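Taking it in order: structure first as structure tokens, then the write-up.
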Amino acid sequence: MRLAQDLRLRDYFALAFGTMIGVGWLVLMDDWLGRGGPLGAMLAFAVGGLALLPVGYVYGQWVQRLPKATSEAAYTAQVFPPIVSYFTGWTMLLAYFIVCPWEAVAIGKVASYLLPWLNSFELYRVGGHPVFLPRLALGVVMTLFLAALNYRGIRGSARFQRYATGTVLILVAGVALFGVAHGSGANFSPVFRSTPLVSILLALQIVPYFLTGFESVPKAAEEASRDFPPRSFFRAIVLALFTGAAFYVAAIAAVSVAAPWQSLLGKPFATAFAFQQAIGAQWPVRLIFVGAIAGLLQCFNGNFVAASRMVFSFGREGTVPVRFGAVHTAYRTPGVAIVGVAALTLLGLCLGDALLVPVTEVGSMAAATGWFASSVSLMLVEKRARVRIISAAAAVVALLLVLMKLLPAFPGHFSRAEWIAFAIWLLLGATLHALRPPAAASAAPR
């Protein structure tokens, strides 16, 4: 049985944009400014967005050739052995899945600003960060809500995604313009945190994580409406990539104009704090938080869709236990995969705030790894010189992003905790791969 075929261009744009834009612009703005200063962070997102255009082109080419939820695993299977294909897809899955518990944790962090009583009834601590019962319960409820929404059909999930995306764009743009009008250009100084190059590099390292999402389009390619033009997949990817990068650049600029950026370092909600300082009122801040919650929901939902479709595709291909490849007979959704992603999300949620910043580091490297493998694969199978040149450029960009996280020569490289987290994920993938039925041992995504 096939998955339901209901998605159109606006749905794919909302999926890709929503997968990119969560609450990082609110929760982690102080980290971004601390890495690069206002201009360093803005340039990092602008350069990152432009540099990723060749990668977007690669995915636009691949999704027209192979409109499969397996995506990176299917692309690399065209030129590499099955085991390489599987672990490429499994690594890319990490980039999507890891956002789900991140957002489940962040909802409590965001909501506690409006409802301080959520920071009560401490249960335990992880890495020095307390885990509070009300915030944990809120994350559980949101996870179960989105799981149920996706379980019952992609149409409802897509509609929810469109509404959330519209809310984020309208509210954040309105408040940002109002805050800039009350701010000062002098607040930008100094424009870099360190030297220009180091500032940009430090901020650039986390850009792949926050721009991961444009390549979520192929994960839902099998659910396109029957009359959907294949070239529109590429349109959705490019539109989302441009819009997402522009959103982050504009958010950093607005915050840095609204208040002296160095006064925001260490603030848990630097964006809200900046607008509160600039405007001197609470209503814009409350609107910011409403927009942030909408962003959180759209990001969680988008990544949940992408992650569950990848797990489903692995099960269908037999590279993990085949029960994950089951399609619900009534809703035509990957029901077992959805339940599996939800269960792992709830486990990750138990780590609390200790999960937030390290996740961006691991997610950045995982995404860039998938981009690199997909770009190399297209370069090897393509005969047209123009496409091969663009694919090579995309591979170089992705490889540099991977090396920035792995090589000790670069500031901000992987710490021991991040290596351990990545190793655990690979071990989980190896275990699931080993538990697949014997008949599927030679199977590979195609």
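The values are calculated or read from the model by the stated rules, or taken from the named source; none is laboratory data. Not measured: the values here are computed from a predicted model. FYI the Cβ positions are ideal-geometry reconstructions off the backbone, even for glycines, and counts take in every protein chain you see. Note: accessible area is taken over every heavy atom of the protein model, side chains too, but ligands, DNA and RNA are not part of it. Shrake-Rupley method; radii C 1.70, N 1.55, O 1.52, S 1.80 Å.
Table for the structure above
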{"item": "Average accessible area per residue (Å²) across segment 19-164 - probe 1.4 Å, nucleic acids and ligands excluded", "result": "33 Å²"}
{"item": "Relative contact order for segment 217-307, counting Cα pairs under 8 Å that sit 6 or more residues apart, in percent", "result": "22 percent"}
{"item": "Per residue convex hull volume, Cα atoms of segment 319-410, in Å³", "result": "170 Å³"}
{"item": "On Cα atoms only, tilt of 283-317 relative to the major axis of the chain in degrees", "result": "10 degrees"}
{"item": "Distance histogram in 5 Å bins (all Cα pairs of segment 143-254, percent per bin)", "result": "2, 8, 13, 17, 17, 16, 11, 7, 6, 3, 0"}
{"item": "Whole-percent carbon and sulfur share, accessible surface of segment 51-110, 1.4 Å", "result": "65 percent"}
{"item": "Crossing angle, helix 416-434 versus the chain [Cα axis fit, 0-90 degrees, rounded to tens]", "result": "20 degrees"}
{"item": "Segment 232-324, accessible surface, carbon-and-sulfur percent (1.4 angstrom probe)", "result": "68 percent"}
{"item": "Angle in degrees between helix 82-97 and the longest Cα principal axis of the chain, rounded to the nearest 10", "result": "30 degrees"}
{"item": "Contact order relative to length of segment 301-340, as percent, for alpha carbon pairs under 8 angstrom and 6 or more apart", "result": "34 percent"}
{"item": "Cα centroid of segment 269-309 to Cα centroid of segment 1-60, whole Å", "result": "15 Å"}
{"item": "Residue-averaged [θ]222 nm for the chain, counting only DSSP H segments that reach four residues, each worth -39500 (n - 2.57)", "result": "-23000 deg cm²/dmol"}
{"item": "Added length on full extension, which subtracts the Cα-Cα distance from 0.36 nm per residue, Ser415 to Leu435", "result": "4.1 nm"}
{"item": "Whole-number accessible area per residue in Å² for segment 380-427, which is evaluated in the context of all protein chains at 1.4 Å", "result": "62 Å²"}
{"item": "The chain, relative contact order in percent, only Cα pairs under 8 angstrom and at least six apart counted", "result": "34 percent"}
{"item": "Accessible area of segment 227-316 divided out per residue, in Å², using a probe of 1.4 angstrom", "result": "31 Å²"}
{"item": "Long pairs among Lys68/Lys383; Lys219/Lys267; Lys68/Lys267, criterion Cα-Cα beyond 32 Å", "result": "Lys219/Lys267; Lys68/Lys267"}
{"item": "Full-extension gain in nm, Leu407 to Ala181, via 0.36 nm per residue minus C-alpha separation", "result": "77.1 nm"}
{"item": "Distance (nanometres) between label positions extended 7 Å along Cα→Cβ at Leu427 and Ala137", "result": "3.4 nm"}
